[in-house]
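The values are calculated or read from the model by the stated rules, or taken from the named source; none is laboratory data. Because the structure is predicted, anything quoted here is derived from the model rather than measured. Ideal geometry is used to build each Cβ from the backbone, glycine not excepted, and the neighbour counts take in all protein chains shown. Surface accessibility is based on the protein's heavy atoms, side chains included, excluding ligands, DNA and RNA. Shrake-Rupley method; radii C 1.70, N 1.55, O 1.52, S 1.80 Å.
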Amino acid sequence: MSDSALVRAWPAAGLRARSGDLELRWADDALAVQLAELAARGVHPPDTMPFLVPWTRAEPEKLVRETLAYYWGVRGQIGPELFRLELAVLLDGVVVGVQGAGGRDWSVLRTLETGSWLGLAYQGRGIGSRMRALMLELLFDGLGARVVTSGAYVDNPASNAVSRRVGYVADGQDEVVRDGVPTPHQRYRLTREDWRAVREANLALLGAPVELEGAEAVRRQSGIDDGGPSAT
């Protein structure tokens, strides 16, 4: 099947968001393999665990297989009840990580939770903030989200800093079990109104115009056909 035929049959396969050298792109098979291999090279130091599900603890060969299986599995979850995106992050055409979002009852609630990871070699360079800002453009301006949430362990300063930098508002803490120990987990929330208030700063952070491709078709695919949101 050609790429154009795939996009006609499954519009989410054509979803893209770009800003200068940064791109979020639907993870096809080739990108999924690159993401799995990148994850196997390391996402965080071995003595830390930033994820609620400790998926990175598998041995490299198993991690590659499990990561591939995960991305294959979530591709079909683009609909009004269950909506999940796992987009490859590319910098100058090189795969550097994943920016995802997901939620239930999407067509009614219009609420999604973001999550992301970067390969170790690409951390500490400001990419995390830029890719989250670009994802917010896609979710709010492109797909019509009303609320976007996120969360991070309190002892994960990098993730917490990214959420605050792009405008999320602290929304309380929970205790979750990590390695058998109760661990504080910070929640964040960003409404469409709050996003509008920080949008100019986020666009400056991105440093280049934003281009969205395929968003309108994905809105229809996921049960949203109100003609598109207004970003103003």
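Being within 28 Å of Leu203 (Cβ to Cβ) and either in contact (Cβ under 8 Å) with a residue 24 or more places away in the chain or surrounded by 13 or more Cβ atoms within 10 Å (Cβ to Cβ) (or both): is that true of Leu24 here?
yes
Screening Leu38, Leu52, Leu31 for residues that are under 17 Å from the mean Cα position of the chain (by Cα) and either of a type in the set (Ser, Thr, Tyr) or not in a helix (DSSP H, G or I) (or both) leaves exactly one candidate, Leu52.
Quick one: which residue in Arg125, Arg146, Arg164, Arg189 is in contact with a Ser or Thr (Cβ under 6 Å, 6 or more places away or on another chain) and either surrounded by fewer than 23 Cβ atoms within 10 Å (Cβ to Cβ) or free of Cβ contacts under 8 Å to residues at least 24 places away in the same chain (or both)?
Numbers: Arg125 fails: in contact with a Ser or Thr (Cβ under 6 Å, 6 or more places away or on another chain); Arg146 fails: in contact with a Ser or Thr (Cβ under 6 Å, 6 or more places away or on another chain); Arg164 fails: in contact with a Ser or Thr (Cβ under 6 Å, 6 or more places away or on another chain).
After applying the criteria, what remains is Arg189.
Pro50 passes all but one of (1) crowded, with 17+ Cβ neighbours inside 10 Å; (2) at pLDDT 95 or above; (3) touching a Phe, Trp or Tyr at 6+ places or on another chain (Cβ under 7 Å); which number fails? Of the numbered conditions (1) crowded, with 17+ Cβ neighbours inside 10 Å; (2) at pLDDT 95 or above; (3) touching a Phe, Trp or Tyr at 6+ places or on another chain (Cβ under 7 Å), the odd one out for Pro50 is (2).
For every residue, the table says whether it meets (1) hydroxyl-bearing (Ser, Thr, Tyr); (2) within 18 Å of Arg18 (Cβ to Cβ); (3) modelled with pLDDT of 95 or more.
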| site | (1), (2), (3) |
| --- | --- |
| Gly97 | no, yes, yes |
| Leu112 | no, no, yes |
| Gln123 | no, no, no |
| Arg132 | no, yes, yes |
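For the stretch 131-184, the tally of residues that are over 30 Å from Ile224 (Cβ atoms) and of a type in the set (Phe, Trp, Tyr) stands at 1. Taking the criterion of being touching a Lys or Arg at 6+ places or on another chain (Cβ under 9 Å) and either at negative phi or assigned to a strand (DSSP E or B) (or both), the residues of the stretch 107-117 that qualify are Leu109, Thr111, Leu112, Thr114, Ser116. Screening the stretch 1-21 for residues that are out of contact with any Lys or Arg (no Cβ under 9 Å at 6 or more places or on another chain) and aliphatic (A, V, I, L, M) and picking the one that is least open to solvent (accessible area, probe 1.4 Å) gives Ala5. Taking helices (runs of 4 or more DSSP H) as the structural unit, those lying wholly within the stretch 118-218 and holding at least 2 residues that are closer than 30 Å to Asp3 by Cα and not small (Gly, Ala, Ser) correspond to 127-136. Considering the stretch 64-95, and only residues there that are open to solvent by less than 50 Å² (accessible area, probe 1.4 Å) and among the aromatic types (Phe, Trp, Tyr), the residue that is modelled with the lowest pLDDT turns out to be Tyr71.
Among the residues of the stretch 26-77, count how many are of a type in the set (Phe, Trp, Tyr) and closer than 19 Å to Ser159 by Cβ. I'd like the intermediate steps shown before the answer.
Let us first name the residues in the stretch 26-77 that are of a type in the set (Phe, Trp, Tyr), namely 26, 51, 55, 70-72.
Filter once more, so that each one left must be closer than 19 Å to Ser159 by Cβ: 51, 55.
The total comes to 2.
Would you point out the residue of the stretch 194-204, among those that are within 13 Å of Arg164 (Cα to Cα) and hydrophobic (A, V, I, L, M, F, W, C), that is most open to solvent (accessible area, probe 1.4 Å)? For the stretch 194-204, the residue satisfying everything is Ala201. Against the criterion of being surrounded by fewer than 18 Cβ atoms within 10 Å (Cβ to Cβ) and among the β-branched types (Val, Ile, Thr), Val33 qualifies. Any residue that is more than 25 Å from Val218 (Cα to Cα) and without any contact (Cβ under 8 Å) to a residue 40 or more places away in the chain - is there at least one of those in the stretch 70-78? No - not one qualifying residue is present in the stretch 70-78.
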